[in-house]
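This report refers to the structure that appears directly beneath it.
The values are calculated or read from the model by the stated rules, or taken from the named source; none is laboratory data. Note that the structure is a prediction, hence the values are computed from the model and not measured. Cβ coordinates were reconstructed from backbone atoms using ideal geometry, including for glycine residues, and neighbour counts include every protein chain displayed.
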Amino acid sequence: MDFTQLEPCLARYAGTRGSLITILQQAQAIYGWLPDALLAHIAERTGVKPAKVMGVVSFYTQFRTKPVGRHLILLCQGTACHVNGSADIAEAVRDYLGVGEGETTPDGLFTYNNVACLGCCSLSPVMMIGETAYGSLTRESAVQILKDIAAKEGAL
């Protein structure tokens, strides 16, 4: 694996205590996920024990140790969304994509994840795909959003 893109970040935070999360965030922004080889490199370059690096990665849900699809779906399961039918939306999304929680479609287009809260309660039920929030979802509208994205990608 080529680590050269991460080197400026590692150099910037060399010897700076408390910078591990920032380095991991930058690494994930660059590579899209955090494979074992990258985590080992970060541990070696920062002097942080590999077990501690993995502990941080496994503790925070923002970090991914598996590659994700081009479109990451985050479906809110917070109280407002739950009360307004997020379980039905989840079922429709899983059925349409043919994947379960945390899985990526075989074509690499979508990764589906449930999250505790997106902070968009007035839009409930809500999902985010990339930087876009889609609210007041129904089973049909959620599936149509995914179909529209797939069509734009030429993946129908």
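Looking only at segment 25-48, count how many residues are surrounded by fewer than 16 Cβ atoms within 10 Å (Cβ to Cβ) and either closer than 17 Å to Y13 by Cβ or touching a Ser or Thr at 6+ places or on another chain (Cβ under 9 Å) (or both).
7
What's the number of the only condition in (1) in contact with a helix residue (DSSP H, G or I) (Cβ under 8 Å, 6 or more places away or on another chain); (2) over 25 Å from I21 (Cβ atoms); (3) among the small types (G, A, S); (4) in contact (Cβ under 8 Å) with a residue 40 or more places away in the chain that G135 fails to meet?
(4)
Can you tell me how many residues in segment 54-100 are of a type in the set (G, A, S) and touching a residue at least 12 places away in the same chain (Cβ under 8 Å)?
Residues that pass the stated criteria total 8.
Right, A92: more than 18 Å from the chain's Cα centre (by Cα), modelled with pLDDT under 95 and surrounded by 12 or more Cβ atoms within 10 Å (Cβ to Cβ) or not?
No.
Of the residues that make up segment 57-77, is at least one surrounded by fewer than 18 Cβ atoms within 10 Å (Cβ to Cβ), part of a helix (DSSP H, G or I), in contact with a helix residue (DSSP H, G or I) (Cβ under 8 Å, 6 or more places away or on another chain) and among the aliphatic types (A, V, I, L, M)?
The answer is no; no qualifying residue exists.
Of everything in segment 122-140, what is assigned to a helix (DSSP H, G or I) and buried (at least 16 other Cβ atoms within 10 Å of the Cβ)? Give them in sequence order.
Matches in segment 122-140: L123, R139.
Which one of the conditions (1) farther than 28 Å from G15 by Cβ; (2) hydrophobic (A, V, I, L, M, F, W, C); (3) in a loop (DSSP other than H, G, I, E, B) does A90 fail to meet, given that it meets all the rest?
(3)
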